[in-house]
1. Separation between the V88 and K36 pseudo-spin-labels, each 7 Å from Cα along Cα→Cβ, expressed in nm?
2. Between Rg and the Kirkwood Rh of region 66-146, both from Cα atoms, what is the Rg to Rh ratio?
3. Using only alpha-carbon positions, what ratio does the radius of gyration of region 99-183 give when scaled by 2.2 N^0.38 Å?
4. Apply the Debye scattering formula to the chain, with a single equal point scatterer on each alpha-carbon and no solvent, then give log10 I(q)/I(0) at q = 0.11 Å⁻¹.
5. Say each of T81 and K236 gets a label point 7 Å from the Cα, pointing the same way as Cα to Cβ; how far apart are those two points in nm?
6. Let me test this: with uniform point scatterers at the alpha carbons of region 37-185, what is the Debye-based log₁₀ I(q)/I(0) at q = 0.15, 0.19, 0.20 1/Å?
7. Quick check: at a probe of 1.4 Å, how many percent of the accessible area of the chain sits on carbon and sulfur atoms?
8. With every protein chain present, what is the per residue accessible area of region 115-179 (1.4 Å probe, Å²)?
Amino acid sequence: MKNVIESQQFDTATTQKIFDIADRFERQKENCMNGKIMACLFYEPSTRTRFSFESAMIKLGGAVISTENAKEFSSASKGETLEDTIRVVGNYADVIVLRHYEKGAAQKAADVSAVPIINAGDGTGQHPTQALLDLYTIKKELGYIDDISIAMIGDLKNGRTVRSLSYVLGKYNKIKIFFVSPPDLKIGQGIKEYLTRHDVGFSETENMEHVLSQVDVIYQTRIQKERFESAEEYGKYKGKYVLLPEHISKIKNKSIIMHPLP
């Protein structure tokens, strides 16, 4: 696996191997990235994702070069294509972490890159490393992944974290997913077909409160203002799903609440 582009790349054996390495890194300091340089090329602002990658690289002994708003503060502002930028940046770094506003940008970059590309989110496409982190959190908090039920709540049409997590959960057994969203922001048909092929049970509803008592994981996401064409359109859905203290009494004692942030 040279590049990390989408969640479908990860089978359960590969995922477990990554989790084992992550467990080891939590217990002991390692300098396995000593002498390596990571380039964070972010065309879309994301403080948390960028800092996550950068702090990890530094903790592992590597170095970082980065730009948080490459759309304005890189040669892209002069008309340089993504492909040409990747070709150039690859001369400075051993790996490129790419965040882009365009769906499919990570694959376009990988097609021309001499160094590995890690997709840190491409428009309404995917965010595979977030999915791995979410899965790792579920495993650590619940102790298992097979046979869980999860509610995915919010803007499921545009939510790349929901999409990526759904794909990777499809590799496990006895998974049940409750998709909670307004009708116009439902999860895509392609994901539902994927889940059906992998024998993952799922249902769709607008009613968040109805599913809270049935799930082990509540995966709350925001309505993404930047994905709407107008403020009026966004206003239709803003505040649609808010998890309040009174909802907590309805969930299982050992259930966990997660959010991809911000």
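1. 2.6
2. Taking Rh as the inverse mean 1/r over Cα pairs, Rg/Rh reads 1.09.
3. Scaled against compact globular proteins, the figure is 1.21.
4. Taken in order of the listed q values, log10 I(q)/I(0) reads -0.65.
5. Taking the simple label geometry, T81 and K236 are separated by 3.6 nm.
6. -0.83, -1.13, -1.20
7. 50
8. 28
The values are calculated or read from the model by the stated rules, or taken from the named source; none is laboratory data. Note that this is a predicted model, so its numbers are computed, not measured. Don't worry about glycine lacking a Cβ; one is built from the backbone with ideal geometry, like all the others, and counts go over all protein chains shown. Heavy atoms of the whole protein, side chains included, go into the accessibility calculation; ligands, DNA and RNA do not. Shrake-Rupley method; radii C 1.70, N 1.55, O 1.52, S 1.80 Å.
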